[in-house]
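Since the structure comes first, as structure tokens, the remarks are kept for the end.
The values are calculated or read from the model by the stated rules, or taken from the named source; none is laboratory data. Model, not experiment: these values are computed from the prediction. Cβ atoms come from the backbone with ideal geometry, glycine included; neighbour counts cover every protein chain shown. Accessible surface areas use protein heavy atoms only, side chains included; no ligands, DNA or RNA. Shrake-Rupley method; radii C 1.70, N 1.55, O 1.52, S 1.80 Å.
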Amino acid sequence: MCQACDSFLDRLFAKGVLHETGVDGLYGRGQAFEAVIEGMDRLITRLAEGDHAEVIRFPPGMNRALFEKSGYMKNFPQLAGTVHSFAGSEKDHLALLDNIHNGGDWTGGQGATDIVLTPAACYPLYPIVARRGQLAPEGGLFDIQSYCFRHEPSKDPARMQMFRMREFVRIGLPEQAASFRESWLERARGFAETLELPHHIDVANDPFFGRAGRMMASSQREQALKFELLVPIESTENPTACQSFNYHQDHFGELWGIKTASGETAHTACVGFGMERLALALFKHHGIDTNGWPTSVRAALSL
Amino acid sequence: MLDTIRRLVDEQGRLAVAAEAIGDNADLYATGLTSFAAVQLMLALEETFDVEFPDRMLNRRSFSSIASIAGCLHELKEAA
Ligand SMILES: [Zn+2]
């Protein structure tokens, strides 16, 4: 096998860091990969120590009705994934088996369930916070994690269709949201330095759909509502966003009716760690074998 | 043209004040125009004036005031 001409993804497969499934962007994770993810999780927890964020972990699916209300389909219809299930008769079942056997379309009769795949870890959080009623004067701070889905099959290992996102979410006054984001931009630099990853932070936009989306994206950039911490993985010209720092203004507060202690619409901000992307960045820069990683990086990840 | 733009701002902008009371150069975002309402306004302008805003105009600035919207429309109408 030629090391030089194999892609990064091929080498990850060859060493069992990731396992191929036959679908681009959908991979099994090997022991070394998971050890790195766990190490980063602990490191992130330590960064946030003393913040006393409320911990919530989500399954990879969310309530379809809440997803509909979230407006995700307005902005990112191309990325969403829904969960469908068989709900037919015995006769329908036979037709389905027949179609599978003959290579026909057997999914046409599947009906939508009450579950959609979670597109971003913070989406299921807002309705939970809203249900609790008015915020306390200090606002809310959450430490959340979820597997997320985005339909964008790619050979770039950093563009997975299913991946974990660890997030911290601040809900409260505009100043609280702003200072939260500022402090995480600072912490993120320290985090990347500890892991000895080449990085820079830049203004960014979400992949909004269509022409309306082009306007949303330019507006998001002009207002500097989104920053990303970028690390070169597949290319130096187009480095990969491994963390994002988002200020939603009162968008989610308004949508879900979240009120501050003084009755104003709450502002929200979130910082997201793309766990798989960060792990891949480490494998890219420090090598496929974690035993060869710098001692300080191994120590930081308790490897 | 300005009257038609004001009507569409009223219909799509979801502002707290009537467009009639907004000066040609006043900042619509400061008046409460959200990014999403700006998109709705953009689509309504295209339909009403039978134009298509090119990518370079699909930004926050183009829709920031009644005068800037009129400026974009003039430019498109002249080019047509
Ligand atoms: Zn978020």
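Worth pointing out:
- Residues that are within 14 Å of chain B (Cβ to nearest Cβ) and within 16 Å of the ligand (Cβ to nearest atom) within segment A:265-295 comprise just one, A:His267.
- If the condition is being assigned to a helix (DSSP H, G or I), surrounded by fewer than 17 Cβ atoms within 10 Å (Cβ to Cβ) and within 11 Å of chain A (Cβ to nearest Cβ), then segment B:41-80 contributes B:Leu43, B:Glu46, B:Asp55, B:Arg56, B:Arg61.
- Selection from segment A:193-231 of residues that are more than 11 Å from every other protein chain (Cβ to nearest Cβ), open to solvent by less than 30 Å² (accessible area, probe 1.4 Å) and touching a residue at least 40 places away in the same chain (Cβ under 8 Å): A:Leu195, A:Leu197, A:Ala204, A:Leu229, A:Val231
- Residue identified as over 24 Å from A:Gly71 (Cβ atoms) and either of a type outside the set (Phe, Trp, Tyr) or touching an Asp or Glu at 6+ places or on another chain (Cβ under 8 Å) (or both) among B:Gly32, B:Gly71: B:Gly71
- A:Ala48 being away from chain B (no Cβ under 14 Å), at pLDDT 95 or above and more than 16 Å from the ligand (Cβ to nearest atom): no
- Any hit, segment B:14-34, residues being assigned to a helix (DSSP H, G or I) and within 14 Å of chain A (Cβ to nearest Cβ): no
- Scan of segment A:232-253 for residues that are surrounded by fewer than 21 Cβ atoms within 10 Å (Cβ to Cβ) and away from the ligand (no atom under 16 Å from the Cβ), ordered by number: A:Pro232, A:Glu234, A:Ser235, A:Thr236, A:Glu237, A:Asn238, A:Pro239
- The sole residue among A:Arg181, A:Arg211 that is within 14 Å of the ligand (Cβ to nearest atom) and either of a type in the set (Lys, Arg) or over 14 Å from A:Ala269 (Cα atoms) (or both) is A:Arg181.
- Answer residue from segment A:125-159, given it is open to solvent by less than 40 Å² (accessible area, probe 1.4 Å) and in contact with a Leu (Cβ under 7 Å, 6 or more places away or on another chain) and is farthest from the ligand (Cβ to nearest atom) among those: A:Pro157
- Boolean, A:Lys74 is surrounded by 14 or more Cβ atoms within 10 Å (Cβ to Cβ) and in a helix (DSSP H, G or I): yes
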